[in-house]
Structures are given as C-alpha cells and as structure tokens.
Amino acid sequence: MQNSSAIVIFGVTGDLTARKLMPALYHLDRNSRLPQPFFIIGFARRQWSDQILRQQLRQSIRIAEDTGGQETSLAFLQNCFYIQSDFQDWEGYRRLKQTLVEKQIVNVLYYFAAPPDAYLNILEGIKLAGLNHDFPGWVRVVIEKPYGRDLSSAMNLDQKVHEVFSEDQIFRIDHYLGKETVQNILVFRFANGIFEPLWNRRYIDHVQILMAETVGVGNRAGYYEQAGVIRDIFQNHLLQLLTLTAMEAPVAFTADAVRDEKIKVLQALRPYKGEDALINTFRGQYVSGVIDGKRVIGYKDEPGVAINSTTETFLAMRLFIDNWRWAGVPFYIRSGKRLPKSVTEIVIQYKQVPLSLFGWRNMAGDAPNLLILCIQPDEGITLTFGAKAPGPIHQIAPVNMSFDYVSTFGSEPPEAYERLLLDVMMGDATLFTRADEVEAAWRFTTNILEAWEQAGLKNLPVYEAGTWGPSGVDEFIQRDGRKWRNP
Ligand SMILES: NC(=O)c1ccc[n+]([C@@H]2O[C@H](COP(=O)([O-])OP(=O)(O)OC[C@H]3O[C@@H](n4cnc5c(N)ncnc54)[C@H](OP(=O)(O)O)[C@@H]3O)[C@@H](O)[C@H]2O)c1
C-alpha cells in the first residue's frame, strides 16, 4: 500500500477515538501495516489546533498503552491535522477537501466516530464537497453502531448512505467481529472435520449465548435510556454471534459468501410478534447491590436515568431458527449490566446419552457435555465430558479439555479495531455487516420492541447488582427443563 492515504475521523475529540481508534492506529504503525505516507485528519467542534490534536492523541495512546512512562515512538503523529468545524458547517468540508488535496491524498477512509444523530449531516457535507469521489484511489466509509434505532430509521439511514456511497464503499462496523475468538468460531467449525457433523439438531440440545458486564450504565445514561440491552447489545453483537454459530458453511471465505450465509440465519429466525414476543423475552433492571466487594447504586439512581425508567439493563431471550439444521433447538440469549462477571461465551450443550449405563445422575441436567467458546476475557475453547474418577465404576466426574488462546499462542489476541481498520484499508468487508443483514436484524428486533411498547409494562422485574438477573429468569428457562450456565 504505497500511496498517500488518509483516515478522516469525524469526532476526533471523542471517547472512541481516544480509547480505540488511536491505539489501533498506533499498533498498525508500529507493525508497519499502515500505507505510507499516512495522514490522520481529525474533524470536530472543539477549539483545537494541529498541535493540540497531536498532544491529545499522544496522550490517549500513552494511556491506552500503559507504557509505564517510557517514551514510545509516535513519529506518525506528525502527519495529523485538525479541521475545527461543526458538522453542519459546509465550510468545514471545503477546508477538509483542501487539506486532502494539498497532501495529494490518493486513498481516503472516512470514519464516523460521531453521535448517530450527526450521521446525516456528515453525509450531506461529504456529498456537497464532492468528498465521496474526486480521489485517484479508493474512498471508503466506516460507520459505527448504532446503525439506526429500529427498522424504519435504519432503512432511512441506509438510503441516505447509499445516496453518497455505494455498498462496496460502506463498512458498517461491529467491533465484536474483529475479535480473534469470534473469527475462531468459523475456523473451529469449518477448518476441522470432527465438530461439524455434530453441529445440528440431532446432537445439540440447546445453545446459550451470554454477554455479561459488571459495569453499570456509567456516564452513558443519555444514550442507554434510549437503547437498553436490546438495541445496545442484542440487535448487533448478540445476533452476530448467533449467526456465526448457526450459519451453514459458505462456498468460499469471501465477504459476500460469508454474509450470504449469515443473512439466511436471520431470515430463518422465528419472528416474534405480540404475545409471542412477551413469552420469549425476559427483561430486568438492576437495583443497588455489591460488585467486587463494593456497593453500587441502582439503575434508577444513576445520573441521567428517569425515575420511572422502564429501560432494560438485563435481557434473556429464547430464539428458534426454523431451518433443517436447527428446527426445535432453542437458542437462549442473555445479556446484562451489573452482573457478577464480565464474560462473553457461547455454550453448546449436547444431548444426553440414550441410556445411562453408569448411573450417572441426571446426565443432561448436572453434567452435560458442553462445548464452551469463550470470547472474553479468557479467550479459548473448552469441551467438558464425563471421565471415570478413581474408585467404583459409577464415580464419574466432569472434566475439561481446554484450549487457551494466550498460553497456546503466547500473546494476547490483537485488539479488534486494529484488525478491522486494516481490513477496511485492504478492502475486505467479510467482518462488516451488509445492508441486508442490518435490515434483517432490525426487522426481528423491531417486532419485539413494538410488542413491548404495546404491553406497556410500568415496572420491570429487578435484580440486585452482582447477581445473575431477576429471580424469575431461572423459571424462564426451567420451564423448558433446562438451566442457565453461570460461569
Ligand atoms: N465510545 C465507545 O467505546 C464506542 C463504542 C462503540 C460505538 N461507539 C459509537 O461511536 C460514536 C462516537 O462515540 P464516542 O463515545 O466517541 O462519542 P463522544 O465521546 O461523545 O464524541 C463525539 C465526537 O463527535 C464530535 N461532535 C459531536 N457533535 C458535533 C458537531 N455538531 N459538530 C462537530 N463535531 C461534533 C465531538 O466533538 P466536540 O466534543 O469537540 O464537539 C466528539 O469529537 C457513536 O456513534 C457511538 O455510538 C462508541
């Protein structure tokens, strides 16, 4: 990649740039993976100069890297420039274009690291200034989640984005797909001969996908009140994990072939409307409790949260994929804030043996065969099975066979943003969501949102911070003769 290239970050003074984008760019530079020369052009409102931008970016890299005061080479920051402008001020885009032309930029990547309600203005500015073409090389755009807040707003946004960019220029980012262990789901399934034959309704009893966080809503109440788990986590990250777990093998490992298979899973999801949506979902909200030995406040006491808020901070759901592979196999999804542990995992629970020879008590309930794909924090894969313990033949103990990413490969997996930024620059969209995928995910989710709205619950079931959700959530799964796996 030996062409003058630039990343234009709309929202360069914000949190995402400081915590994620700059450390990722720094790593790419350190590993000589950025095209040369490479420019970072920041766009935001604050009264910063080029110099201040460089200082701030240097600072954010130091914090993220925890360099222990050691000097890191940040020479690439000399190529950072700042455009101070409101997104609604078309003059700013003219200055941006002038900067790109002066630097003789060939390839340009626009990154929307801005509040979602600013996206339409940014698109308009890009279009008016002719920033979506007029470059000798490629022009691409990365758009952050949330991509819409329901089906109609997502479709509206998509229409506007397509007025400015073609689909092959658009990279809708879900950083979860940049995680090594998420990509490993596909490798595990499709690069090995022994698992795939067992990956279906004949052998699998059910699947659980858990994404738990110990953190509360923090200072994001303004956003979270409008989002809840369903928009913040379920519509994007959880449905993405579900599609990777359930999809058929693609005909090739190419962007469209992979995404063609993922969308089929979303299309096969049994849609929930009205009463069905209420029966198959379970919401909750945290109240004060203890996390890591410290008392934390309840959701309604968080600054910026309405006193009568009905925003869910916990969600459990039962899903069915109505196709030949998965007919009748429930997928149980759970996610929440202020849960006892921050962990993301996919658990495949296998059916019990047809006849219990060793008096193994309640094979399905107490010690089933589990395949656990841990996405974070301890990236790896574990298979649990029964082994004979020393002593009488009927003493069987559950044991594990484990693969641990760090001890096997000797290093932490790289940050998701690093991988994804590189993919965008290489033009590889495999790990980005396509328009039809976003639409299908929103179609499913919006039905549920509408059912919740019609039901008009005044109070959600509550759970103490530091517990695995409201008490009723156990019953939710026990009705099906199953139980949650709490790591
Ligand atoms: N933070 C994360 O970890 C994270 C994770 C996933 C997705 N996202 C998504 O990434 C996007 C950015 O999030 P963030 O947390 O970085 O937000 P943020 O900290 O609030 O930053 C917003 C940025 O947009 C700029 N901005 C806002 N309104 C503007 C205007 N009218 N004109 C010019 N600049 C304007 C701000 O500039 P000034 O402050 O200088 O005005 C700031 O640079 C959002 O869509 C969010 O949903 C964030």
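Considering every residue within the stretch 215-237, establish whether at least one is closer than 19 Å to H175 by Cβ, modelled with pLDDT of 95 or more and not in a helix (DSSP H, G or I). Before the answer, list the steps.
Here is the first cut: in the stretch 215-237, the ones closer than 19 Å to H175 by Cβ are 215, 218, 220, 223-224, 227, 229-237.
Filter again for modelled with pLDDT of 95 or more, leaving 215, 224, 227, 229-237.
Of the ones still in play, those that are also not in a helix (DSSP H, G or I) are 215.
Yes, some residue in the stretch 215-237 is closer than 19 Å to H175 by Cβ, modelled with pLDDT of 95 or more and not in a helix (DSSP H, G or I).
For the stretch 395-420, enumerate the residues that are surrounded by 13 or more Cβ atoms within 10 Å (Cβ to Cβ) and among the charged types (D, E, K, R).
Hits for the stretch 395-420 are D404, E415, E418, R419.
Scan the stretch 93-113 and tell me whether some residue there is modelled with pLDDT of 95 or more, among the β-branched types (V, I, T), surrounded by 17 or more Cβ atoms within 10 Å (Cβ to Cβ) and within 15 Å of the ligand (Cβ to nearest atom).
No: the stretch 93-113 contains no residue that is modelled with pLDDT of 95 or more, among the β-branched types (V, I, T), surrounded by 17 or more Cβ atoms within 10 Å (Cβ to Cβ) and within 15 Å of the ligand (Cβ to nearest atom).
Please tell me if N156 is more than 10 Å from the ligand (Cβ to nearest atom), without any contact (Cβ under 8 Å) to a residue 24 or more places away in the chain and not hydroxyl-bearing (S, T, Y).
Spelling it out, N156 is indeed more than 10 Å from the ligand (Cβ to nearest atom), without any contact (Cβ under 8 Å) to a residue 24 or more places away in the chain and not hydroxyl-bearing (S, T, Y).
Hey, any hits in the stretch 208-221 for a residue that's in contact with an Asp or Glu (Cβ under 6 Å, 6 or more places away or on another chain), surrounded by 15 or more Cβ atoms within 10 Å (Cβ to Cβ) and hydroxyl-bearing (S, T, Y)?
no
Hey, can you tell me all the residues within the stretch 83-92 that are near the ligand (Cβ under 10 Å from one of its atoms) and either closer than 22 Å to R54 by Cβ or surrounded by fewer than 17 Cβ atoms within 10 Å (Cβ to Cβ) (or both)?
Correct list: I83, Q84, S85, D86, Q88, D89, G92.
For the stretch 416-451, give me each residue that is part of a helix (DSSP H, G or I), hydroxyl-bearing (S, T, Y) and within 18 Å of the chain's Cα centre (by Cα).
Y417, T445
Here is a list of conditions, (1) in a loop (DSSP other than H, G, I, E, B); (2) crowded, with 22+ Cβ neighbours inside 10 Å, and W48 meets all of them except one; can you say which number that is?
Exception for W48: condition (2).
With assigned by TED's automatic domain parsing to the domain that holds Y111 and touching a Phe, Trp or Tyr at 6+ places or on another chain (Cβ under 6 Å) as the only criterion, which of I61, I52, I40 stands out? If you could, list the steps in order and put the result at the bottom.
On the way: I52 fails: touching a Phe, Trp or Tyr at 6+ places or on another chain (Cβ under 6 Å); I40 fails: touching a Phe, Trp or Tyr at 6+ places or on another chain (Cβ under 6 Å).
Step by step, each of I61, I52, I40 is checked, and only I61 is assigned by TED's automatic domain parsing to the domain that holds Y111 and touching a Phe, Trp or Tyr at 6+ places or on another chain (Cβ under 6 Å).
Do we have V12 as closer than 18 Å to Q98 by Cβ and either assigned to a loop (DSSP other than H, G, I, E, B) or near the ligand (Cβ under 9 Å from one of its atoms) (or both) here?
yes
From the list S49, S4, which one is more than 11 Å from the ligand (Cβ to nearest atom), modelled with pLDDT of 95 or more and of a type outside the set (A, V, I, L, M, F, W, C)?
Working: S4 fails: modelled with pLDDT of 95 or more.
Among S49, S4, only S49 is more than 11 Å from the ligand (Cβ to nearest atom), modelled with pLDDT of 95 or more and of a type outside the set (A, V, I, L, M, F, W, C).
Cβ-Cβ below 6 Å, separation at least six or inter-chain, first residue in the stretch 106-125 and under 16 Å from P146 (Cβ atoms), second among the polar types (S, T, N, Q) and within 9 Å of the ligand (Cβ to nearest atom): which pairs?
Going by the 6 Å Cβ cut-off, the qualifying pairs are A113/T17.
Under the condition of being away from the ligand (no atom under 12 Å from the Cβ) and under 23 Å from I122 (Cα atoms), which residue from the stretch 15-46 is nearest to the chain's Cα centre (by Cα)?
Out of the qualifying residues, it is L25.
Quick test of your reading of the structure: P392 fulfils all but one of (1) more than 22 Å from L186 (Cβ to Cβ); (2) surrounded by 13 or more Cβ atoms within 10 Å (Cβ to Cβ). Name the failing condition by number.
Here P392 meets the rest and fails (2).
What are the residue pairs meeting all of these: first residue in the stretch 456-477, first residue under 22 Å from V343 (Cβ atoms), second residue surrounded by fewer than 16 Cβ atoms within 10 Å (Cβ to Cβ) and hydrophobic (A, V, I, L, M, F, W, C), Cβ atoms under 8 Å, and 6 or more apart or on different chains?
Note: pairs meeting the criteria are E464/V290; A465/V290; G466/V290.
When the residues of the stretch 132-152 are filtered to those that are farther than 30 Å from E453 by Cβ, more than 16 Å from the ligand (Cβ to nearest atom) and not small (G, A, S), which remaining residue is modelled with the lowest pLDDT?
D134
For the stretch 341-361, state whether one or more residues are surrounded by fewer than 20 Cβ atoms within 10 Å (Cβ to Cβ), part of a loop (DSSP other than H, G, I, E, B), at pLDDT 95 or above and in the same structural domain as D404 (by TED's automatic domain parsing).
Within the stretch 341-361 (the criterion being surrounded by fewer than 20 Cβ atoms within 10 Å (Cβ to Cβ), part of a loop (DSSP other than H, G, I, E, B), at pLDDT 95 or above and in the same structural domain as D404 (by TED's automatic domain parsing)), the answer is yes, since at least one residue qualifies.
Among the residues of the stretch 201-214, write down those that are more than 16 Å from the ligand (Cβ to nearest atom) and in a loop (DSSP other than H, G, I, E, B).
R201, R202, Y203, T214
Of the residues K458, K483, which single one is touching a helix residue (DSSP H, G or I) at 6+ places or on another chain (Cβ under 8 Å) and among the basic types (K, R)?
K483
The values are calculated or read from the model by the stated rules, or taken from the named source; none is laboratory data. Here the structure is a predicted model, which means the values were calculated and not measured. All Cβ positions, even for glycine, are placed from backbone atoms using ideal geometry, and neighbour counts span all protein chains on display.
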